[in-house]
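Colleague: Have a look at the structure that comes next, please.
The values are calculated or read from the model by the stated rules, or taken from the named source; none is laboratory data. This structure is a prediction, so every number in the text was calculated from the model and none was measured. Glycine gets a Cβ as well: all are built from the backbone with ideal geometry, and neighbour counts include every protein chain shown.
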Amino acid sequence: MTAAPDSGSAPDSGSAPDSGSGPGGCSADELSTLFLFEKLTSEQLAWLCREGEVITVPAGLVYAEGEPAERLYVLLSGTVTLYRRVGADDVEVNRTSLRGAYGGAFYAYLGDRIPQVYNNSMRAVEPCRFFVLAADKFARLMTEWFPMAVHLLEGLFFGVRSAQEVVGQRERLLALGSLSAGLTHELNNPAAAAVRAVGGLRERILTLREGLASIAAGPDDRTVLTALLRLQAQTAKLVSHAADLTPLQASDQEDDVADWLTDHGVTDGWDLAPSFVQAGLHTDWLAKAAEAIGAAVGQEVDLPAVLRVLGNTVEIELLMADITDAVTRIFALVGAARQYSQLDRAPYQVADIHDLLESTLVMLGGAIGPGITVVRNYDRSLPPVPCYPAELNQVWTNLIDNALAAMAGSGTLTITTSADDGNAIVEIADTGSGIPAEIVDRIYEPFFTTKPVGQGTGLGLDISWRIVVTRHHGDLRVRSQPGDTRFTVRLPLTPQAAVTGAADSSGPESPQG
């Protein structure tokens, strides 16, 4: 802390007693031995003793996270621990016996521009002595004794927050651009397939019309056309029941069908054979169809013309099936995009975590190359999770995108879900190069990134941490070694645990003092 000028006067300053005694046994001499106050003048130390007090606190809770921050605590003796609420548990983030370590209302000088609540819980491990100063007195001390320092601290605090917001927006825009590119790529394939199928369908319908017109204009009577239309309807129903064949099986059957068609006067049998085989209609069916049309009309018919009409009918049905598949795929992609964005949902709701993960995988489909294997180890018995779905989707996006980047186009992405002690567990693992041990403790720091300049903002994991821990009162941890990096997200399954408690803009807790 910057020292006040020797000539500066303390608020309500008066003569400092030699020994510096004050309320509750406060001693200016004792305060002067603390690193926090060692540069203060005797008048300032005397003011602290008049306005503050020394208290002894038994082992137990000193103050609780989320409560109004009313006092600044400076440790004189004893041992304290700091805790953060994670789900239903209090997690110890710091333990100290350092004289002068402080906690509590140390942001009081920022006033009502930020929520004035304790951002952690403090417990005394043993009876502890504290110098305690009311928040409004500490705010006055800071603004009157160290006005320049306050301006610098305000600039630093709000500057970092503003930078986080701006870069966070940039992070979201970059993610949106990547997701949009992936979604566009995914939509392009079925859309192109539908366009190709529509073009082919138009040609086949034209050919079918010409074939039917040729038969109708021929010497055969109306019974031939009626029988043919009936056989067309039967053929169309059979197309959807085609069995899947291996390439070798399909090739053999196409040869057989093409030979049969050639033997029966169809000169372009090689063109029609693949469609008949794809539809599951082989030589036995063709023979029965030819026999049926002849028996129905009781006369000779132009069998090649009839078989061409049936071939066009099959191709039309196959093309319509292709169009249906393409449109269904587009509909599923749009549904996944809606699920991912949660545009039509309430911001807080109970959601199936697997639906959120799947919608994210769909949105990132363009980034999951052929060299990446996605393994899903889902526990489908996992109950719905109370959450902010759109924000969790951002977490999945950040973690999966980092995993894909670490694998550089080749590896296995494994997503595992499970339940444990009232929490939903989501683990995202990759087989990439891993996180070096010397930086693993820094990965949640704002703006820290190992990616090249322009390829990462350093806020992806920071944002993910805030969403999981602050918004959902969950937990986010990482274990990493070369070839095996695992991010584990723990989310409460009870709505009360997910939404209770004050939101905190700070990141992972650091010790003060």
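Colleague: Out of curiosity, is Ser275 in the same structural domain as Ala321 (by TED's automatic domain parsing), out of contact with any helix residue (DSSP H, G or I) (no Cβ under 7 Å at 6 or more places or on another chain) and of a type in the set (Gly, Ala, Ser)? Break it down stepwise before answering.
Modeller: On the way: in the same structural domain as Ala321 (by TED's automatic domain parsing): yes; out of contact with any helix residue (DSSP H, G or I) (no Cβ under 7 Å at 6 or more places or on another chain): no; of a type in the set (Gly, Ala, Ser): yes.
The answer is no for Ser275.
Colleague: Right, another one. Within the group Asn402, Asn393, which residue is closer than 17 Å to Thr488 by Cβ, in the same structural domain as Asp462 (by TED's automatic domain parsing), assigned to a helix (DSSP H, G or I) and of a type outside the set (Asp, Glu)? Break it down stepwise before answering.
Modeller: Details: Asn393 fails: closer than 17 Å to Thr488 by Cβ.
The unique qualifying residue is Asn402.
Colleague: Can I ask one more? Would you confirm, using the coordinates I've provided, whether Gln339 is part of a helix (DSSP H, G or I), polar (S, T, N, Q), modelled with pLDDT under 75 and in contact with a helix residue (DSSP H, G or I) (Cβ under 7 Å, 6 or more places away or on another chain)?
Modeller: yes
Colleague: Kindly establish whether Glu43 is farther than 21 Å from Val469 by Cα, among the charged types (D, E, K, R) and in the same structural domain as Ala134 (by TED's automatic domain parsing).
Modeller: Working: farther than 21 Å from Val469 by Cα: yes; among the charged types (D, E, K, R): yes; in the same structural domain as Ala134 (by TED's automatic domain parsing): yes.
Here the answer is yes, as Glu43 does meet what is asked.
Colleague: State yes or no: is Leu245 assigned by TED's automatic domain parsing to the domain that holds Val309, modelled with pLDDT under 75 and not in a helix (DSSP H, G or I)? Working first, answer last.
Modeller: Details: assigned by TED's automatic domain parsing to the domain that holds Val309: yes; modelled with pLDDT under 75: yes; not in a helix (DSSP H, G or I): yes.
Considered against the rule, which asks whether it is assigned by TED's automatic domain parsing to the domain that holds Val309, modelled with pLDDT under 75 and not in a helix (DSSP H, G or I), Leu245 comes out as yes.
Colleague: Being farther than 22 Å from Val350 by Cα and surrounded by 16 or more Cβ atoms within 10 Å (Cβ to Cβ) is the filter; apply it to region 366-398 and report the residue that is modelled with the highest pLDDT.
Modeller: Restricting to residues being farther than 22 Å from Val350 by Cα and surrounded by 16 or more Cβ atoms within 10 Å (Cβ to Cβ), the top hit is Ile372.
Colleague: If you check Leu76 against the conditions, is it outside any loop (DSSP other than H, G, I, E, B), at pLDDT below 90 and not charged (D, E, K, R)? I'd like the intermediate steps shown before the answer.
Modeller: Details: outside any loop (DSSP other than H, G, I, E, B): yes; at pLDDT below 90: no; not charged (D, E, K, R): yes.
Here the answer is no, as Leu76 does not meet what is asked.
Colleague: From the residues in region 254-289 that are aromatic (Phe, Trp, Tyr) and farther than 22 Å from Met320 by Cβ, which one is surrounded by the most Cβ atoms within 10 Å (Cβ to Cβ)?
Modeller: In the first step, residues of region 254-289 are kept if they are aromatic (Phe, Trp, Tyr); the result is 260, 270, 276, 285.
Filter once more, so that each one left must be farther than 22 Å from Met320 by Cβ: 260, 270.
Numbers: Trp260: 20, Trp270: 15.
Only one residue tops the list, namely Trp260.
Colleague: So, one more: Testing Ile323 on (1) modelled with pLDDT of 75 or more; (2) β-branched (Val, Ile, Thr); (3) within 30 Å of Tyr388 (Cα to Cα); (4) part of a helix (DSSP H, G or I), one condition comes back false. Which one is that?
Modeller: (3)
Colleague: Right, here's the next one. For Asp355, indicate whether it is modelled with pLDDT of 70 or more and outside the structural domain of Ala194 (by TED's automatic domain parsing). It would help to see each step written out before you state the result.
Modeller: Details: modelled with pLDDT of 70 or more: yes; outside the structural domain of Ala194 (by TED's automatic domain parsing): yes.
Spelling it out, Asp355 is indeed modelled with pLDDT of 70 or more and outside the structural domain of Ala194 (by TED's automatic domain parsing).
Colleague: From the residues in region 414-433 that are assigned to a loop (DSSP other than H, G, I, E, B) and crowded, with 18+ Cβ neighbours inside 10 Å, which one is modelled with the lowest pLDDT? Spell out how you get there, then give the answer.
Modeller: Taking region 414-433 and keeping what is assigned to a loop (DSSP other than H, G, I, E, B), we get 421-422, 431-433.
Remaining after also requiring crowded, with 18+ Cβ neighbours inside 10 Å: 431-432.
On the way: Thr431: 92, Gly432: 89.
That would be Gly432.
Colleague: Contact list please: Cβ distance under 7 Å, first residue in region 18-40 and within 22 Å of Phe106 (Cα to Cα) and assigned to a helix (DSSP H, G or I), second residue among the basic types (Lys, Arg) and at pLDDT below 90, pairs at least six apart or on different chains.
Modeller: none
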